[in-house]
Amino acid sequence: MLKLLFHPFTHVGNGTGYILLASILAFLSISCSSTEPTATERPPNILWITSEDNSPFVGAYGDTFATTPNIDQLATEGVRYTQAFSAAPVCAPSRNALITGMYPNSLGTQHMRSTNAIPDFVKFYPAYLKEAGYYCTNNVKKDYNTIDQPEVWDESSREATYQNRNPGQPFFAIFNFTTSHESSIHSFIPNDSLMHDPATVPIPPYHPRTPEMEHDWAQYYDRVQQMDTQVGQVLQELEDSGLADSTIVFYYSDHGGILGRSKRFMYESGLHIPLIIRFPKAYQHLAPSEAGTTSDRLVSFVDFAPTLLSLASVSVPDYMQGNVFLGEQKTEPQPYVYNFRGRMDERFDMVRSVRDEQFRYIRNYMPQKIYAQYIEYLWRAPSMRSWEEAYLAGQLNEVQSAFFEEKPAEELYDVEADPHNINNLADDPEYQEKLTELKNANQQWLLDVRDVGFLPEAMMLDIAQDSSTTLYEFAHSDAYPLEEIIEVAEMATQRDPQFVSELIAQLENENAVIRYWAATGCRILAQHAADAQPKLQALLNDDEVSVQIAAAEALYHLGDKQVAVDALSNTLSDDNLMARVQALNVLETMDQDALPSLDAVNQLVPKDEQNRDYDTRAAKHLANKLSKI
């Protein structure tokens, strides 16, 4: 075509043809260049920088003790989110929410170190980015709390980098730093080698100011500073590569942390995270506001995957449960974010939470368990051991002691007035309307996502090992009458004797999950449920081992101690790992009354110190405890 256009004018000698030729070439140049995508038409590169186990201990978030110049600078160049939250206060379940865009308590992946399968239709989000042409790299942590889908990454290793993509190919890259992980305070650094002064380190009011607590806090701030240096290095590499102008950058942590009552616990200290997103000029139209500003929008980890796809102009799958907070598919802000806690390592618990812009509501479904259940990994921290020692010595005030005592059924905190969540407003008449609002929001969420967490974990394990169904699919079946289960679980855990007759009646329900919660309610109500004793004794022969264990625990608290201990000792040889852990959890609370179980417990104590199974961890601690009595 160019030959035909140019040929008539190439031999014109008076210059007119050359003028016309130049005009045609200019026109063609404009026309051709207009077919190339502009910066705003090209999909953005997206870089996620993730740190571990840190709350917003960052200068940009007002922490004057923190030393975080690189993250602070990023905040001046981006948007700082003030109301961002992990899905759970621990890594693996939260990372499951990140990778799937779904609530793990709807998938059956809410317990720590789960390997439960998820439905085939749930793809890890990088799969959709790869289909859209992105080069996807992960450096390096996965910890997805389910069966891996390794094919979704082009690279996933300590060497993985976006630099290996094809020329011009958009990339999505994660760099995850473990520097501020909980393990960073397990190895002692002498005070005179620390960059932050233990004597002046700020300590929350629920912590006693022991020397170990001061030291661990100061050492932790050192680790956050070192992590900040790594963030700066990644940002500098991006700049040096000439890609900063085409890359949207996220910085966030995987949950709060790390000292006791933060990581693993359902307070702001465990769930509130830093989140900063920088938009280059070419993609500023995707930002919620200009650089250097803040956003108060409520954001949860379950929102990250759909938002990432939206920024990449990839359609968000219908099954994802999160809300899109950026990009073409952005939704209206939601009034609440939801959080969950399941088993943490070798200790059982079940907690759900709802957070609005000012209040946090917490629903404890196992209020009979103290907050500070012994977790071997948590107790590696000198600060945690010193806190417990101070409690046992009677040296703590009421706020500091509460961590070692049983939980209320409900907690409500005004997080603006009470950022450390120490003043529970659940019984305050002035806040009953807010309590009811958030309680109702919690119950609606449980139903909306078909929360599978009301299944005792031993039952979950049996269902998960049946390859014919996933826990998600089971939770959507008639075998899981969730509305009825929640009704009984609510009665069981309110500590209200008015429900005792109904709970005793439900001990004979045909559904094992309901029998489990009814027995749990009898344990919580203790002597108020004395009339349940014959039915509880019958449940020691129930078809479901979780029900047997719940009945034994209830009988113990009704004074039938020997029968209870014998029943629990027998379940320690059960084939189901989580049945053994459940029984060990109950025996742990019985102190010297559990002595007759010592031989059965010792059978689970590992000969191999490398054995880190949860039943062996719990058995080892219980055996040591009983051997000292």
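Structure values in brief
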quantity: Solvent-accessible heavy-atom area per residue, rounded to whole Å², over the stretch 254-327 at 1.4 Å; calculated: 25 Å²
quantity: Mean Cα-pair separation over length for the chain, i.e. relative contact order, pairs under 8 Å, 6 or more apart, %; calculated: 14 percent
quantity: Kyte-Doolittle mean at least -0.5 and Cα axial length at least 30 Å: DSSP H helices in the chain; calculated: none
quantity: Residues with amide H under 5 Å from that of Ser300, placed H, sequence gap 5 or more; calculated: Phe85
quantity: The chain - percent of accessible surface contributed by carbon and sulfur, probe 1.4 Å; calculated: 49 percent
quantity: Proximal lysines relative to Lys369, as straight alpha-carbon distance under 17 Å, when same-chain residues fewer than 8 apart are discounted; calculated: Lys407
quantity: Accessible area expressed per residue, the stretch 364-485, with surrounding protein chains retained (probe 1.4 Å, Å²); calculated: 45 Å²
quantity: Heavy-atom accessible area order for Glu346, Glu502, largest first, 1.4 Å probe; calculated: Glu502, Glu346
quantity: Candidate residues Lys407, Lys607: accessible-area rank, largest first, probe 1.4 Å; calculated: Lys607, Lys407
quantity: DSSP bridge orientation in the chain - percent antiparallel, rounded to nearest 5; calculated: 50 percent
quantity: Selected from Asn576, Ala550, Pro481, residue furthest toward positive end of dipole (the stretch 434-582; charges at beta carbon); calculated: Ala550
quantity: Hits among lysines - C-alpha to C-alpha of Lys130 under 20 Å, sequence gap 8 or more where chains match; calculated: Lys141, Lys142
quantity: Residue (of Tyr338, Ser315, Cys522) at the positive-pole extreme of the chain, dipole from beta-carbon charges; calculated: Ser315
quantity: Lysines whose Cα lies under 26 Å from that of Lys607, excluding same-chain neighbours fewer than 8 positions away; calculated: Lys620, Lys625, Lys628
quantity: Accessible area per residue in Å² at 1.4 Å probe, computed on the stretch 65-191; calculated: 34 Å²
quantity: Cα-projected label distance for Glu508 with Leu194, points at 7 Å along beta-carbon direction, nm; calculated: 6.2 nm
quantity: Spatial separation of Cα centroids for the stretch 222-284 and the stretch 68-103, in angstrom; calculated: 7 Å
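The values are calculated or read from the model by the stated rules, or taken from the named source; none is laboratory data. All values reported here derive from a predicted model rather than from experimental measurement. No Cβ is skipped: glycine too gets one built from the backbone with ideal geometry, and neighbour counts run over all protein chains shown. Each accessible area value is taken on the protein alone, full model and side chains, heavy atoms only, with ligands, DNA and RNA left out. Shrake-Rupley method; radii C 1.70, N 1.55, O 1.52, S 1.80 Å.
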